[in-house]
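So the structure is just underneath, and the comments pick up after that.
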Amino acid sequence: MTFIPLWVLATVSASAAQTARNVMQRHLTASLGTLGATLVRFLYGLPFAIAFLIIVVNVTGEAVPSPSLFYVGQVALASACQIAGTALMLASMRITTFSITVAYMKTEPIQVAVFGFLILGDRLSTLGVVGIVVATVGVIVMSQVRGASLARSGALRPALFGLASAAAFACASVGFRGAILSLGDASNFVRATTTLVWAQAIQSAMLIGWLAVTNRGVIVATIAAWRQSLFAGAMGALATQFWFLGFSLTSTANVRTLGLVEVLFAHVVSRRLAEATTPRQIFGMILVVAGVAVLIAASSG
């Protein structure tokens, strides 16, 4: 009998939980605004992150690692990037469909490769260049509206928001990984879960502090919407835990490649929400997914 590898189950579960979280956040954006819906992810995810850490520490028998000032600074910087990425994602979803936004966000590996080449001089293989070109064409195809130019159609805004969101999440991933690696000799899972708690706490503090100065009403509205917000927070924390579990079991390339299944989940959600997706946009999504998969295969080969 052939069993499905645990990392496959973890990655698919992470993609599903992340899709559920994004759907709820998108729904909350109408009543709470972009920053309010962003706060929901972190504030209501914090209790679940703490619960996960308690469980992990008890199961492993390890102590919670002691953070340094450098570690806290790394987490704070990565947390700010993740807040920006979440806000940009929700802003894109207010303009275009759920599935198209998720497809834009999946260009993260492409952007990392391009920035690495332009800034750090990292070499790109021929196959990697092919992947970048295919994904870029996919983004252009998705962003085009029949019979109108990109600028005139207004499709440029969601494309920029979605791509900027991917870039912010890429920066956050690098920062969080650096923080996790700096925590010492604890197991990867304990270090990752510890970082999750620190991140959720710092992000909640950042957003509450900002909103307390600029718009206190959003904080009150977020508390009033605790029933819907609790689900979004739980799904967000659960998704992160499954991502970390996947990373601890197999290579990042494997997880990131299988994680493209989220685009499929997002398309199903868009259909359930009665959001119209044109054949041109579907074709563009396929190109983006194919391009990212080729790039990851080239990077791991």
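Some notes on this structure:
- Taking every residue in the stretch 9-26 that is under 13 Å from Phe231 (Cβ atoms) and pairing it with any residue that is of a type in the set (Phe, Trp, Tyr) and surrounded by fewer than 20 Cβ atoms within 10 Å (Cβ to Cβ), at least 6 positions away or on another chain, the pairs with Cβ-Cβ distances below 8 Å are Ala20/Phe231; Met24/Phe231.
- Some residue of the stretch 6-24 being in a loop (DSSP other than H, G, I, E, B), of a type outside the set (A, V, I, L, M) and either at pLDDT 90 or above or over 16 Å from Phe98 (Cβ atoms) (or both): no
- Qualifying residue in the stretch 97-109 (condition: surrounded by fewer than 19 Cβ atoms within 10 Å (Cβ to Cβ) and of a type outside the set (A, V, I, L, M, F, W, C)): no
- Count of the stretch 178-216 residues, restricted to those that are among the aromatic types (Phe, Trp, Tyr) and closer than 20 Å to Thr86 by Cβ, is 2.
- Within the stretch 79-97, residues that are over 26 Å from Val197 (Cα atoms) reach partners that are in a loop (DSSP other than H, G, I, E, B) and of a type outside the set (Ser, Thr, Tyr) with beta carbons closer than 7 Å, at six or more positions or on different chains, in the pairs Thr97/Glu275.
- Residue-level analysis places Phe115 outside the set of residues that are among the hydrophobic types (A, V, I, L, M, F, W, C), at pLDDT 75 or above and within 21 Å of Arg256 (Cα to Cα).
- Selection count, the stretch 33-61, where residues are out of contact with any Ser or Thr (no Cβ under 7 Å at 6 or more places or on another chain), part of a helix (DSSP H, G or I) and over 30 Å from Val213 (Cβ atoms): 6
- Criterion applied to Val133, Val112, Val129, Val102 was being free of Cβ contacts under 8 Å to residues at least 12 places away in the same chain and in a helix (DSSP H, G or I), and the one residue passing it is Val129.
- Reported count of residues in the stretch 256-280, each being buried (at least 16 other Cβ atoms within 10 Å of the Cβ), modelled with pLDDT of 75 or more and not small (Gly, Ala, Ser), is 8.
- Checking each residue in the stretch 180-213 for being modelled with pLDDT of 90 or more and out of contact with any helix residue (DSSP H, G or I) (no Cβ under 7 Å at 6 or more places or on another chain) picks out Ala205, Gly209, Trp210, Val213.
To keep it simple, each residue is scored yes or no on (1) assigned to a helix (DSSP H, G or I); (2) more than 22 Å from Arg21 (Cβ to Cβ).
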| position | (1), (2) |
| --- | --- |
| Leu183 | no, yes |
| Thr194 | yes, no |
| Leu207 | yes, no |
| Val213 | yes, yes |
| Ser229 | yes, no |
| Thr240 | yes, no |
| Trp243 | yes, no |
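- Of the criteria (1) assigned to a helix (DSSP H, G or I); (2) in contact with a helix residue (DSSP H, G or I) (Cβ under 9 Å, 6 or more places away or on another chain); (3) within 22 Å of Arg191 (Cα to Cα); (4) aliphatic (A, V, I, L, M), which one Val64 fails: (1)
- Residues located in the stretch 197-210, provided they are crowded, with 17+ Cβ neighbours inside 10 Å and farther than 12 Å from Leu43 by Cβ: Val197, Trp198, Ala199
- Qualifying position, being crowded, with 22+ Cβ neighbours inside 10 Å and β-branched (Val, Ile, Thr), among Thr214, Thr194: Thr194
The values are calculated or read from the model by the stated rules, or taken from the named source; none is laboratory data. These numbers were taken from a predicted model, which means no experiment stands behind them. Positions of Cβ are generated from backbone atoms using ideal geometry, with glycine treated the same way; all protein chains shown enter the neighbour counts.
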